[in-house]
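What follows draws every value from the coordinates through simple rules; no lab data is involved. As the structure is a prediction and not an experimental result, all values here were calculated from the model. We place every Cβ from the backbone using ideal geometry, glycine too, and count neighbours over all the protein chains shown.
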Amino acid sequence: MRLARRVEQLPPYLFARISELIAEQQAAGVDVISLGIGDPDLPTPDHILDALREAAGDPANHRYPETEGLPEFREAVARWYDTRHGVALDPETEVVSLIGSKEGLGHLPLCLIDPGDLAIGTQPGYPVYDIATMFAGGETLSLQLREEDGWLPRLEDVPAAEAERARLLWLNYPNNPTGAIADEAFFARAIAWARDHDVVIAHDLAYSDVCYDGYQAPSILEVEGARDVAIEFNSLSKTFNMTGWRIGMAVGNADLVGVLRRVKSNLDSGVPQAVQQMAITALDDPRDSIERHNEIYQRRRDRVVEVLRELGLHVDPPKASLYVWARLPEGERSSAAYAQQLVEATGVVVTPGTGYGDGGEGYIRISITIADERLEEALSRLSAFARGQ
Ligand SMILES: *Cc1c(COP(=O)(O)O)cnc(C)c1O
């Protein structure tokens, strides 16, 4: 069978070696604990599930939804942006529903990228952006993110010729995998750069409400001028522990939202209406569940940071996201080798930074989306390993 070139261009599965190791360890009877997966272990809150149960019984919700989402869902998104971010959105033209934000991120390049066009991405980074660009026939210039820059890209490093060719700039703060945050001043610089070079900004705000120590992540739309150049992707997945229900939204510049809606209407038929109904309940009545979850995550974050430091890793406790990103101890060079050593010695799986591009070399990512007892078991094994080193 001859496959399309875009499939052959997919990067090799970077966790293949780790998956093999897990299988080997399990075959040898080891109780393997994975701290690799970023999927909330806590259930969707009950009042949100109740809304789904009720909506499921309504025959009006058994039919095809509209691609762009129910007007009531888009209005609830506008209310959320107003209360949470002080941003006024027109639900008619500036909001579209997504089958999880990954779906929208994956389809955006079909709206903006022709074969040979350029997108600007980052390393490390969430892999979906560059793969979606490649699927549309485009190329990516990856900016290396650095710890000393707070993991923010240096846009001034984009060479003039590439800046002229670029169509799209991907940003993601709070960031996966580094946990880094961006302030309004950074967004203002990015908006000015995008405007100068006629580039669209796609900002991924998946971790808007997984924040610690009182921090509140801004939307790029809070910053002046954003609406001229930016589309923002947001999701109920991480905010409300709803990864399994598949609902998100793109908001911002009306032309961009409009073209995404148009492309999507040719590919999908939207989000099941009962799921949109549950999302409305989540968005309208959110605060206590978010705070309860974040307290749990924050406690786990603190325990993980403590034990990683015992291992000699260098960590800045993240202010947001579900990840702790840690620099390898002095003398350790390879993330993959370090991750392998940990699995073999302790049965605990962490993600090598290189899973997020070559720019992640020298780091590992630990996810805090695992039940407390399992996390404690993993941490006590890591502690014992640290003492024995
Ligand atoms: C989890 C995640 C998403 C995708 O979330 P959906 O479930 O598709 O809404 C998007 N971006 C980043 C960076 C993520 O980590």
Residues satisfying the stated conditions in the stretch 142-158, i.e. of a type in the set (A, V, I, L, M, F, W, C) and surrounded by fewer than 16 Cβ atoms within 10 Å (Cβ to Cβ):
none
Candidates 274, 345, 336, filtered to the one that is in contact with a Lys or Arg (Cβ under 8 Å, 6 or more places away or on another chain) and away from the ligand (no atom under 16 Å from the Cβ)
336
Qualifying residues in the stretch 163-176 (those that are away from the ligand (no atom under 16 Å from the Cβ) and within 14 Å of residue 133 (Cβ to Cβ)) - the one surrounded by the most Cβ atoms within 10 Å (Cβ to Cβ)
166
Every listed condition ((1) closer than 20 Å to residue 220 by Cβ; (2) within 16 Å of the ligand (Cβ to nearest atom)) holds for residue 123 save (1)
Could you check residue 144 against (1) within 30 Å of residue 48 (Cβ to Cβ); (2) in contact (Cβ under 8 Å) with a residue 40 or more places away in the chain and say which number it fails?
(1)
State yes or no: is residue 31 in contact (Cβ under 8 Å) with a residue 40 or more places away in the chain and within 16 Å of the ligand (Cβ to nearest atom)?
no
Kindly list, by first and then second residue, each pair from a residue in the stretch 318-342 that is within 10 Å of residue 363 (Cβ to Cβ) to a residue that is part of a loop (DSSP other than H, G, I, E, B), limited to pairs with Cβ atoms under 6 Å and residues at least 6 apart or on different chains.
325/177; 325/178; 325/179; 326/313; 328/362; 335/361; 338/328; 338/332
When the residues of the stretch 233-259 are narrowed to those that are part of a strand (DSSP E or B) and either among the hydrophobic types (A, V, I, L, M, F, W, C) or under 20 Å from residue 288 (Cα atoms) (or both), which ends up nearest to the ligand (Cβ to nearest atom)?
235
Going by what's in this entry, would residue 311 be described as under 26 Å from the mean Cα position of the chain (by Cα) and among the hydrophobic types (A, V, I, L, M, F, W, C)?
no
Within the set of pairs 6 or more residues apart or between chains, which connect a residue that is in contact (Cβ under 8 Å) with a residue 60 or more places away in the chain and under 19 Å from residue 289 (Cα atoms) inside the stretch 197-209 to a residue that is assigned to a loop (DSSP other than H, G, I, E, B) and within 11 Å of the ligand (Cβ to nearest atom) with Cβ atoms less than 6 Å apart?
206/238; 207/174; 207/238; 207/321; 209/239
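Residues checked against (1) part of a loop (DSSP other than H, G, I, E, B); (2) touching a strand residue (DSSP E or B) at 6+ places or on another chain (Cβ under 8 Å); (3) among the β-branched types (Val, Ile, Thr):
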position	(1), (2), (3)
23	no, no, no
40	yes, no, no
53	no, no, no
61	no, no, no
73	no, yes, no
83	no, no, yes
Could you look through the stretch 210-232, keep only residues that are out of contact with any Phe, Trp or Tyr (no Cβ under 9 Å at 6 or more places or on another chain) and aliphatic (A, V, I, L, M), and pick out the one that is nearest to the ligand (Cβ to nearest atom)?
231
